[in-house]
Amino acid sequence: MRKGSLVLTWVILMSLCLVGAASPQVVIRHWQHHHESRTPVLESVAKEFEKRNPGVTIEFEPIPYDAYFDKLLTALASKTGPDVFQVPMGFGIEMSRSGLLAPVPESVFTTKEIEASFLPWTVSQFKYNGKYYGLPTDVQTLVMFVNDTLLKEAGLDPNKPPRTWSELIEQSRIVTKRDKSGKIIQGGLDTRYKWAVINLFLHQSINGPVVDVAKKRVTYGEREGLEAWNLIAQLMTGPEAVDSPTFLTGQMKFEQERAAFYINHPVTRGRLELNHPDIKWSVHHVPAPDGHDLSKPTTVGHHWAYVANAKTQNQKLAWQWIQFLASEEVQRKWVLESRDLPSLIRLVNDPELTPDLEAKIAMDSLQFARPFEGVGRNDVDEIRNEIWDNIVIGGMSVEKAVSAGAMAETNLIQRKLR
Amino acid sequence: MKGADYVLKVLVYFSLAIGVVIMLLPLVWMFSASFKPLGEVMRTPPTWIPLQPTVNNYKEVFRQVPFAKYYLNSVIVAIIVIGSVLITSSLAAYVFAKFEFPGKQIWFFLILSSLMVPFQVRMIPLYRISVSMGITDTLFGVSFPWLVDAFGIFLMRQFIITIPTELIEVARIDGASEPLIFWRVILPNCKQALSALAIFTFAWNWEEFLWPLIASNSNASRTIPIGLQSFAEQYGSNVHWQMAGAVVAIVPLLLVFMLLEKQFVEGITMTGLKG
Amino acid sequence: MRLSSSQRETLWAYIFLIPTLVLFGFIVLYPFIYAFYLSLLEWGIFGNSTYTGLRNYADMLKDNLFWKSIGITLHWTAGVVPGIIAISLLIALALNIPTLKLKGTFRTIYFIPVVTNMVAASFVWRWLFEPTFGVVNYFLGLLGLPEPGWLASTKWALPAMMVVGIWKQIGFAMVIFLAGLQTIPKEIKEAARIDGASRWQEFCRIVLPLLNPTIVFVAVMLVINALRVFTIPYVMSAGGFTYGVPGGPLNSTRVFVIHIYDLGFRQFNIGYASANAFALLLLIMSVTIIQMKLIERPFEY
């Protein structure tokens with residue numbers, strides 16, 4: 001009967017696993033994606049909040065980044081979402097008008113106070129009908145990383161990195177090396193983070209909105225936008241291309257010292273310092289379009305926002321928690337421990353937060369940043385990526401690829417903002 | 001004949017040896033990456049013997065996430081799922097292999113069709129059921145969607161078909177009850193299939209990530225893959241830690257396989273009747 | 001009450017089936033019904049849902065990506081399944097040779113890809129297929145053959161992933177073939193040998209037919225798995241730090257489940273995704289029915 005008792009044990013084991021626990025305090029469930037430095041910061045901030053608000057428990061759930069939306073959506077779709085969670089700014093417009101979120105109550109933070117405290121571009125995507133639906137976190141801009149060694153080897157001066165589009169093209173071409181068959185073996189610009197390259201150029205070249213929400217259309221199919229797409233074509237196609245999708249596919253070109261320039265967020269500094277300490281790199285402002293004011297090079301700002309579930313039982317408390325997360329003392333922690341950028345106006349240029357030149361450049365870029373425009377995230381990225389792929393891999397003409405993509409994205413916006 | 005035999009043998013060993021290299025390459029990389037710092041892991045071209053060996057990754061894996069707890073949870077979930085799948089699959093397979101009854105074809109296809117809808121589509125309703133049954137954040141909740149497996153039923157059916165029907169009929173004539181026939185006649189004769197099923201269920205369930213992530217809210221019910229995936233972050237992956245965790249995680253899989261694969265060899269002869 | 005023998009049979013059949021059927025009700029049937037209900041809605045998660053009847057299905061048939069995904073999935077299936085069956089059958093036969101040494105070791109090694117962490121596998125395979133410096137193109141170059149762009153090329157990304165797909169599943173099929181080979185009584189093979197049958201005849205006339213249920217199983221399961229493949233193309237195109245898009249270059253590796261996942265969880269169009277899922281269900285079901293009718297041969301044991 002040994003087999004029988006095995007089965008019995010197994011049944012008992014199964015039933016013992018139905019464990020549950022009840023908690024008498026007021027609980028705020030907080031979800032955000034896991035990050036090795038942000039998670040411990042959040043844990044300590046949560047403890048601090050609990051200390052100042054006895055009777056409140058913050059139930060923090062860090063979720064692996066790749067599956068963050070899977071889990072969040074499943075929970076929201078089954079109407080059991082957390083009280084507080086974070087969303088990228090691309091969701092701002094849609095979510096604010098969807099009824100899924102609870103706006104900031106005036107008793108916690110008035111609209112005027114919000115607008116006086118935060119950099120405008122870090123809150124604008126979450127404003128709807130005069131109310132705010134999210135406060136910023138994970139603030140990043142785009143800067144340019146330069147490999148000083150490769151520049152010197154190519155005969156260029158690392159203290160004079162490209163400051164205009166033309167200089168970018170020129171210097172990248174000088175650094176690019178090819179083998180006998182014409183294949184690139186050293187790149188000028190590492191373009192693997194396509195989101196950064198595409199959106200930087202678009203937001204630099206277009207003077208008005210990139211996405212016209214009022215008219216529910218995109219504007220990057222017009223003359224100014226085409227300049228950005230043409231720059232991409234110049235950089236990526238033809239015999240003088242500075243990078244190629246078949247060059248070190250899926251590998252880290254800049255970090256392997258196979259590319260001289262790299263456009264990415266300031267937070268990348270941390271990873272470079274930690275994992276590739278041998279590289280001599282420096283951080284600079286992104287190159288601006290020819291003829292623009294070079295003392296204020298436009299860059300793209302991106303942020304996430306903490307939002308409150310409309311179904312939460314504790315709206316006021318949830319927003320007090322979020323307000324705490326976006327407060328000055330906590331933002332200092334974000335900046336110093338996770339290399340995020342602050343979103344509070346009075347923290348910009350705070351000397352404690354800019355210990356070195358690179359930090360200063362990252363901080364300055366905040367003031368030159370305009371918010372990323374796109375109604376959505378993955379769907380928008382895929383459309384813009386497809387324009388890129390059509391031009392670079394598919395050999396399509398810039399006009400054709402861009403008009404197809406612009407139409408697709410315009411249709412998308414119209415479907416979403418009906 | 002001897003000469004041709006010899007050539008065939010050499011050819012076989014040679015091909016198998018090449019196959020070995022291809023099969024093992026990622027495992028070797030995984031093992032070596034678990035001893036490298038991240039910068040070296042990302043190197044192009046990859047190094048196979050670590051230039052800067054370190055055991056730090058293994059320490060970090062256990063420090064960053066409660067890996068031991070996740071391990072225990074994974075083991076318990078695996079036991080629950082394997083047990084449930086073996087029992088339900090062999091019972092149902094016996095029915096589909098050796099019984100005739102109205103609705104048989106339809107039921108078989110309905111069950112098989114459960115494999116045909118991608119899990120992501122079933123995820124939301126499954127989550128709703130779990131919430132209403134109150135089993136979220138429990139190990140049972142994590143095991144829940146996997147308690148029956150059409151694959152297992154199908155596999156066992158194919159094997160039980162090959163059991164001679166006379167064995168069953170003789171047992172019936174001898175007056176044995178149906179459950180006893182199942183226990184004494186059928187089960188012993190499909191040890192290979194059961195072992196295979198156990199291994200596959202184990203291997204595939206051990207790496208199951210999406211459902212445990214959705215169904216768990218705390219370390220009480222999180223499993224190993226969640227721990228491993230948490231090393232993949234927004235701005236980059238801590239692959240070195242991930243690989244250390246993966247090495248630790250693969251050990252039971254290999255052990256169980258090496259244990260059970262002997263079953264495939266020690267075949268049970270099908271001649272004669274079993275008492 | 002005395003039951004007739006066929007009534008008794010039916011009764012016991014259902015008794016044995018009940019645990020399975022009950023669990024299936026929860027785990028499969030209810031989700032199916034719910035998913036079908038979802039497919040009749042237009043629901044973007046961020047808004048309210050509107051009932052649209054069968055419009056999702058009509059839109060689906062007009063969607064280019066829908067047809068492209070089906071084509072890619074069929075291409076994958078047609079390449080991967082025969083590849084796996086051929087290679088793993090050969091390996092199983094080889095490892096069944098009584099005088100072969102180190103059988104256990106070989107069996108374990110050939111099974112290892114099945115349990116190898118997919119992140120690790122994708123790192124290595126991505127490197128092997130790297131167009132400029134990778135090993136595969138290096139050898140192709142030595143042989144004077146053209147060096148494709150593999151994962152960066154619209155034509156060659158899927159074949160590269162198919163190689164990985166075959167690599168990963170050989171062990172699985174091998175194990176089942178090995179188990180199946182064990183069920184062939186040694187006496188029958190010896191009798192054939194004594195009767196003077198050659199090894200080839202032995203294989204075709206005895207082994208293959210007796211192995212039929214196993215081959216049916218492997219073929220059907222591999223096809224079902226191939227039609228619903230997700231992890232390998234997903235990890236190879238968008239995994240980790242690659243900044244890739246899950247559909248591959250210009251959607252050339254957008255297998256059907258990636259398409260469904262993208263619609264549901266990246267574009268948040270759940271109703272439409274569910275409709276596509278049901279299309280997949282229909283596709284797999286039809287293919288499976290046809291397959292089973294074609295290759296299953298009942299054999300009296």
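The values are calculated or read from the model by the stated rules, or taken from the named source; none is laboratory data. What you see is a predicted model; the values in this text were computed from it and never measured. No Cβ is skipped: glycine too gets one built from the backbone with ideal geometry, and neighbour counts run over all protein chains shown.
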Of the criteria (1) within 10 Å of another protein chain (Cβ to nearest Cβ); (2) in contact (Cβ under 8 Å) with a residue 12 or more places away in the chain; (3) more than 30 Å from C:Phe278 (Cβ to Cβ), which one B:Tyr71 fails: (1)
Inter-residue pairs, beta-carbon under 6 Å, first in contact (Cβ under 8 Å) with a residue 24 or more places away in the chain and more than 14 Å from chain C (Cβ to nearest Cβ) and in the range B:45-66, second assigned to a helix (DSSP H, G or I) and among the small types (Gly, Ala, Ser), 6+ apart: B:Tyr58/B:Ala244; B:Val65/B:Gly227
Output for the range A:130-172, where each listed residue is polar (S, T, N, Q), in contact (Cβ under 8 Å) with a residue 24 or more places away in the chain and not in a strand (DSSP E or B): A:Thr141, A:Thr149, A:Ser166, A:Gln171, A:Ser172
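For the range B:21-60, enumerate the residues that are β-branched (Val, Ile, Thr), surrounded by 17 or more Cβ atoms within 10 Å (Cβ to Cβ) and within 30 Å of the chain's Cα centre (by Cα).
Listed by number, the list holds a single entry, B:Val41.
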Residue match in the range B:129-141 (condition: buried (at least 19 other Cβ atoms within 10 Å of the Cβ), in a loop (DSSP other than H, G, I, E, B) and not β-branched (Val, Ile, Thr)): yes
Extreme residue, surrounded by the most Cβ atoms within 10 Å (Cβ to Cβ), among residues of the range B:228-252 that are more than 22 Å from the chain's Cα centre (by Cα) and part of a helix (DSSP H, G or I): B:Trp241
Tally, over the range A:259-276, of residues that are surrounded by fewer than 22 Cβ atoms within 10 Å (Cβ to Cβ) and among the small types (Gly, Ala, Ser): 1
Elements of type helices (runs of 4 or more DSSP H) contained in the range B:170-227, each with 1 or more residues being among the basic types (Lys, Arg): B:191-206
Test: residue in the range A:355-363 that is within 10 Å of chain C (Cβ to nearest Cβ), without any contact (Cβ under 8 Å) to a residue 40 or more places away in the chain and touching a Leu at 6+ places or on another chain (Cβ under 9 Å): no
Output for the range A:396-407, where each listed residue is in contact (Cβ under 8 Å) with a residue 12 or more places away in the chain and within 11 Å of chain C (Cβ to nearest Cβ): A:Ala401
Failed condition for C:Ala273, given (1) more than 8 Å from every other protein chain (Cβ to nearest Cβ); (2) buried (at least 21 other Cβ atoms within 10 Å of the Cβ); (3) in a helix (DSSP H, G or I): (1)
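Could you please let me know if C:Pro209 is part of a helix (DSSP H, G or I), surrounded by fewer than 19 Cβ atoms within 10 Å (Cβ to Cβ) and either touching a strand residue (DSSP E or B) at 6+ places or on another chain (Cβ under 9 Å) or touching a residue at least 40 places away in the same chain (Cβ under 8 Å) (or both)?
Details: part of a helix (DSSP H, G or I): yes; surrounded by fewer than 19 Cβ atoms within 10 Å (Cβ to Cβ): yes; either touching a strand residue (DSSP E or B) at 6+ places or on another chain (Cβ under 9 Å) or touching a residue at least 40 places away in the same chain (Cβ under 8 Å) (or both): yes.
Yes.
Residue by residue, here is whether (1) over 21 Å from the mean Cα position of the chain (by Cα); (2) among the β-branched types (Val, Ile, Thr) holds:
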site	(1), (2)
B:Ile161	yes, yes
B:Ser177	yes, no
B:Leu213	no, no
B:Ser221	no, no
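Can you spot a residue in the range A:265-286 that is under 30 Å from A:Gln125 (Cα atoms) and assigned to a strand (DSSP E or B)?
Within the range A:265-286, one or more residues are under 30 Å from A:Gln125 (Cα atoms) and assigned to a strand (DSSP E or B).
Name every residue in the range A:281-296 that is crowded, with 22+ Cβ neighbours inside 10 Å and not small (Gly, Ala, Ser), in order of residue number.
A:Trp281, A:Val283, A:His285, A:Val286, A:Pro287
Okay, residues lined up against (1) part of a strand (DSSP E or B); (2) at pLDDT below 95; (3) closer than 19 Å to A:Arg377 by Cβ:
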residue	(1), (2), (3)
A:Ala46	no, no, no
A:Ala67	no, yes, yes
A:Asp70	no, yes, yes
A:Thr74	no, yes, yes
A:Thr80	no, yes, no
A:Gln86	yes, no, yes
Test result for B:Ala249, touching a residue at least 24 places away in the same chain (Cβ under 8 Å) and not acidic (Asp, Glu): yes
Qualifying position, being under 30 Å from A:Glu373 (Cβ atoms) and among the acidic types (Asp, Glu), among A:Glu222, A:Glu240: A:Glu222
Among the residues listed as A:Gly250, A:Gly221, the single one being in a loop (DSSP other than H, G, I, E, B), within 14 Å of chain C (Cβ to nearest Cβ) and over 22 Å from A:Gln171 (Cβ atoms): A:Gly250
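From the list A:Ile169, A:Ile114, A:Ile93, A:Ile174, which residue is within 11 Å of another protein chain (Cβ to nearest Cβ) and of a type outside the set (Asp, Glu)?
After ruling out the rest, the residue left standing is A:Ile93.
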Among the candidates A:Thr249, A:Thr237, residue that is polar (S, T, N, Q), within 14 Å of A:Thr191 (Cβ to Cβ) and free of Cβ contacts under 8 Å to residues at least 40 places away in the same chain: A:Thr249
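I'd like to know if the range A:155-167 contains one or more residues that are assigned by TED's automatic domain parsing to the domain that holds A:Glu386 and over 19 Å from A:Leu294 (Cα atoms). Before the answer, list the steps.
From the range A:155-167, those assigned by TED's automatic domain parsing to the domain that holds A:Glu386 are A:155-167; that's our starting set.
Pick out the ones that are also over 19 Å from A:Leu294 (Cα atoms) and you get A:155-156.
Yes, that holds for at least one residue.
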Unique match (being at negative phi, modelled with pLDDT of 80 or more, assigned to a loop (DSSP other than H, G, I, E, B) and of a type in the set (Ser, Thr, Tyr)) among C:Thr214, C:Thr253: C:Thr253
Residue within the range A:261-277 that is of a type in the set (Asp, Glu) and touching a His at 6+ places or on another chain (Cβ under 6 Å) present: no
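Select from the range C:228-258 the residues that are over 17 Å from the mean Cα position of the chain (by Cα) and over 21 Å from A:Ile387 (Cα atoms) and list them in ascending order. Reasoning before the result, please.
Of all residues in the range C:228-258, those over 17 Å from the mean Cα position of the chain (by Cα) come to C:237-252.
C:Gly239, C:Gly240, C:Phe241 - these are the residues of the range C:228-258 that are over 17 Å from the mean Cα position of the chain (by Cα) and over 21 Å from A:Ile387 (Cα atoms).
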Qualifying positions in the range A:48-65 - assigned to a loop (DSSP other than H, G, I, E, B) and either more than 10 Å from chain B (Cβ to nearest Cβ) or surrounded by fewer than 21 Cβ atoms within 10 Å (Cβ to Cβ) (or both): A:Asn53, A:Pro54, A:Gly55
Which numbered condition B:Pro179 misses (of (1) at pLDDT 90 or above; (2) surrounded by fewer than 23 Cβ atoms within 10 Å (Cβ to Cβ)): (1)
Members of the range B:190-216 that are at the interface with chain C (Cβ under 9 Å from one of its Cβ atoms) and not hydrophobic (A, V, I, L, M, F, W, C): B:Gln192, B:Ser195, B:Glu207
